[in-house]
Each structure stands twice: as structure tokens, then as C-alpha cells.
1. What tally of residues in segment 204-241 results from selecting those that are at pLDDT 80 or above, open to solvent by less than 70 Å² (accessible area, probe 1.4 Å), at negative phi and outside any strand (DSSP E or B)?
2. Being without any contact (Cβ under 8 Å) to a residue 12 or more places away in the chain and over 38 Å from the mean Cα position of the chain (by Cα) narrows it down to one of 215, 204, 249, 237, so name that one.
3. Does segment 308-335 hold any residues that are open to solvent by 70 Å² or more (accessible area, probe 1.4 Å), modelled with pLDDT of 75 or more and in a helix (DSSP H, G or I), and which are they?
4. Looking only at residues that are polar (S, T, N, Q) and open to solvent by 50 Å² or more (accessible area, probe 1.4 Å) in segment 113-153, which one is nearest to residue 294 (Cα to Cα)?
5. Checking residue 31 against (1) touching a Pro at 6+ places or on another chain (Cβ under 8 Å); (2) modelled with pLDDT of 70 or more; (3) within 20 Å of residue 154 (Cβ to Cβ): exactly one of these is not met. Which one?
6. Got a number for residues in segment 120-145 being at negative phi, in contact (Cβ under 8 Å) with a residue 60 or more places away in the chain and charged (D, E, K, R)?
7. How do the strands (runs of 3 or more DSSP E) wholly within segment 112-201 filter down when requiring 3 or more residues that are modelled with pLDDT under 90 and over 30 Å from residue 223 (Cα atoms): which remain?
Amino acid sequence: MTGKGFHDAANDQAKANFHSPYFSADTQSFNTTTSMGRLTLNILLSFAQFEREVTAERIRDKVKASRMKGIWMGGNIPLGYDVRDRKLVVNTQEATTVVHIFTRFVEVGSATVLARDLRKERVLSKKGTLIDKGYLYRLLNNRVYRGEAVHKGTAYPGEHDAIIDARLWDQVHDILGESPRMRANNSRTQTPALLKGILFTATGAAMTPSSTKKGTRRYSYYVSMDLLKNREAPKDGIPQRLPADTVEGAVVNEIQRILRTPETTAQVIAKLDRDDITEAEAIAALRQFPELWAHLFPAEQARILQLLVRRVTVTAEGLIIDLRTDAIAGVMRDIMTPRRLEAAV
């Protein structure tokens, strides 16, 4: 038979086999056009499925048994640990970072705020990436840090050492047990008063932060100590109570106006360390101060405002703001440094 004839015969045989009513196994053929043949085939397929399920069950049982013994079964290695001889061992440097994260969460009570803090501090995950809010929640809920191995929601004592003690773990999870809305409200009520200690009336009375709650909303004020102490205030038209957002906004707007003046720009440039910040960067930062300010945390805004403002005096005509112009260059350098690091990544 020629080569062409041989291939034609092979193709014809393949077509015949394809349309054949027989199911061929390695050792036997089954006629699937009959009820007995189909029954036999279904029995074989059922046994194959049974074998797969038994194998899967054995694997699951093995994993569960290992977890119950506290054995590390692989996967993503948590921050704070390394793997040696298929066991988790504490990485001392990373463990310090983990404790810092748990402790800071207890202090701020907000995953959003803490995630921003950690990104600003350039704290990295195990994979070397910046920590986001999702990663932070997974870390705070990872019972590995309690020295436990978890299987399907059940925790067992692990072979590895714990990084977080029971007291700190409970403090964190008491906070996590609150609703996100409640935690957000708590964070807002803990926002520092920007003008605390530097706001006075023209008569010399200090104005202290105060707040009232109406329904679900909280309103913040600065109130004269004359009013709080029921002292007789002079009838000169000086406000004894001011909305916090109004007076703080006025002070911040005045600072932003002054930072855009040519005199301030020249003063900042004259005091620059050119190896640290270039002249062009300083000019751009002064122009973009409102954007830079908006990215700062409330505590950082309060710190910077206290550095820039010596005193704010409330008069019948308005506010008198006494700025520390000699501190502007240093403050701008503090604000810009984290942004330069962020841009370099």
C-alpha cells in the first residue's frame, strides 16, 4: 500500500471509530447503545468520582489534623515571621513593626487613619509594598500573631511563638467590634483643636475648645473663659463664642495668603538647605500649600499651625493673627520631605 493509501485507510478507520457505538477502555469495549453498556459505563464513572472525592477528603482530613497540631501548612508568610524547616519562626525586626501596628491602632482607633500613617512612615508589607487598609484589616485579624493555627474558623495552639499578647489583642478587637461608622465618629471627636492655647479675646481672656451634640451631629466652638467662668465680660462687641470651623478656616486662609506673597517666598528660599530641597521645589510647595495641607492628618495640622502662629486675637472687628514668619522655612521643609520620599518610590 502506498503512503497516501495507508493514510487514507487510517483516516477512514479513525472516522469509523469516532462514530462507533462502542466505548473502548484499555482492556474492554462497552456497547453504549444498550442499557447494560450504559449501566456499566455509569458504574465506572461513579467509581472514578468516588475515588476523587475520597482523595479530596483524605487531603482535607490531613490538613485539619496538621492544623489541630499547630503545624504551619504553607501559604503567604505573615509579616513578623520567616519559615525555617517548614516552621514559622519570629523575625525580630518585623515583629517590632507588627507590635507597633497593633499598638497604634489602639491609640487612633481607625484603620483609615492608621493606614495613612503607615504609608507616610513608609512601613512595608512582607512583600515590600506599602500597607493599605485591606492589608491592615487582614493583619489585625490574623490569629497567627496570637501563636495559633486556624482551620475553618477554629483556632488551635500553634507550634510557633506569639508576637501579640492577649491584652493587646483584646484591646484591638474590642475596637474592631464597634461599627465602622461609630469608629469614624470617635475619630472625628478626637480631632485636636487647631487653635488650642493660642486663641484669646482682645481683653486677654483665653478661648478654649468646647462642643455640643444635637441629634447625631456634634458642633465645635471656642468659648471665652469669661463666659465659662460666668465673669462679667466687657460690653465692647467682642464675640464670646465662635464656631470652630469658622475661626480655624479664617486662620488657615490667612496663612495660605501670606505663603503666596513674594516676601515669604524670598525668605524661605534664603533659608533653604539646597542639598535637601531645591529652589524650584520650595516655590512649587508654597504655591501648592492648600493641597499639601489637605493631605495632612489633623494632629499634624495642629502641630504645624502651633509652630506658625504665635497668637490669634479676637476683636470686635475680626481676627488679628500674629505669625512666626521665621518658622515658615522649617515648616515647609517638614511638610515637603515625606512627599519627596513618596515621589521617589
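1. Counting residues in segment 204-241 that are at pLDDT 80 or above, open to solvent by less than 70 Å² (accessible area, probe 1.4 Å), at negative phi and outside any strand (DSSP E or B) gives 6.
2. Answer to the check: 204.
3. Correct list: 326 only.
4. 129
5. (3)
6. 1
7. 148-151, 154-157
The values are calculated or read from the model by the stated rules, or taken from the named source; none is laboratory data. Predicted model only: the values in this text are computed from it and were never measured. Heads up, the Cβs are rebuilt from the backbone with ideal geometry, glycines too, and the neighbour counts pull from every protein chain shown. Keep in mind that these areas ignore ligands, DNA and RNA; they rest on the heavy atoms of the full protein, side chains included. Shrake-Rupley method; radii C 1.70, N 1.55, O 1.52, S 1.80 Å.
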